[in-house]
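See structure below.
Every number here is computed from the coordinates shown, using simple stated rules; none is lab data. All values reported here derive from a predicted model rather than from experimental measurement. Every residue, glycine among them, receives a Cβ derived from its backbone with ideal geometry; neighbour counts consider all protein chains shown.
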Amino acid sequence: MTKFSANLGFLWTELDLPNAILAAKSAGFQAVECHFPYEVNTSDVIDALKETGLPMVGLNTQRGNVEKGDNGLSAVIGRENEAREYIAQAVEYAAAINCQNVHVMAGFTDQGEASENTFRENLDYACSLAKKHNVQILIEPLNHYDAPNYHLNNIESAVRTINAVDHDNIKVMFDCYHIQIMQGDLARRLSDNLSSVGHIQFAAVPDRGEPDLGEVHFQNLFKSIDDMGWSGYLGAEYKPRSGDTSKGLTWMQAYR
């Protein structure tokens, strides 16, 4: 059965996080996820989650100094202390609100061996810390059009990283939008790597809007994912074309 999670980093952005959670419930989503919730009191998030009965399935580590070009720090040589502070913050916040996953953002690198070693060492730290709170760590390949020089850009390199880190609480976040742009062949790549996937996200390609236009036929893809035996959520991480999340939800009608 296809189950959708609303990514509140992109959906209902005019609302604060607790009210966005309420909006997601009213719209028919079965879970929520977010990007950077750290300015919101955990008690307010907990109250909204309890009121709706929705699980929070994911949040991200902070990116760093965005104005200076940071997009995560965990693979960035020389920024290890900051990276680990962000990891600890994310795990603590996730544990407080009973969030299932923390996406550890790698950052911009030269994709070299030293950067990869830094990433693996920080992920080892993240997994050890998260395990104490029953939290899973995720890493995500991003496309090099939206995020030039991001450390991860394909599913195979992400799988190699998690295999090297060798903890039982680390998986790949498979974002169909990013993987389609970089590699394509989504159903086969998901099937071949499903045991290493911890969460799936989607958005139309190439405009990152609702999944009812573009080069991917999501109804067919979602059916294929169901047929693979995927029991997790599919994260709606798209940018509403009109700017109004609720007006763009007609794509969900086929799944109700």
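For the range 204-249, which residues satisfy the criterion of being surrounded by 17 or more Cβ atoms within 10 Å (Cβ to Cβ) and in a helix (DSSP H, G or I)?
Phe218, Leu221, Phe222, Ile225, Gly248, Leu249
I'm checking my understanding of the structure. Among residues of the range 49-75 that are in contact (Cβ under 8 Å) with a residue 60 or more places away in the chain and aliphatic (A, V, I, L, M), which one is farthest from Ala95 (Cα to Cα)?
The qualifying residue farthest from Ala95 (Cα to Cα) is Ala75.
Out of Gly72, Gly58, report the one residue that is within 25 Å of Ser231 (Cα to Cα), crowded, with 23+ Cβ neighbours inside 10 Å and under 19 Å from the mean Cα position of the chain (by Cα).
Gly58
This table checks each residue for (1) closer than 19 Å to Ala147 by Cα; (2) in contact with a Cys (Cβ under 7 Å, 6 or more places away or on another chain); (3) not in a helix (DSSP H, G or I).
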| residue | (1), (2), (3) |
| --- | --- |
| Met173 | yes, no, yes |
| Gln180 | yes, no, no |
| Arg189 | no, no, no |
| Gln201 | yes, yes, yes |
| Trp251 | no, no, no |
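Please work out which residue is nearest to the chain's Cα centre (by Cα), limiting yourself to the range 112-121 and to residues that are closer than 18 Å to Asn149 by Cβ and surrounded by 15 or more Cβ atoms within 10 Å (Cβ to Cβ).
Checking each candidate, the answer is Phe119.
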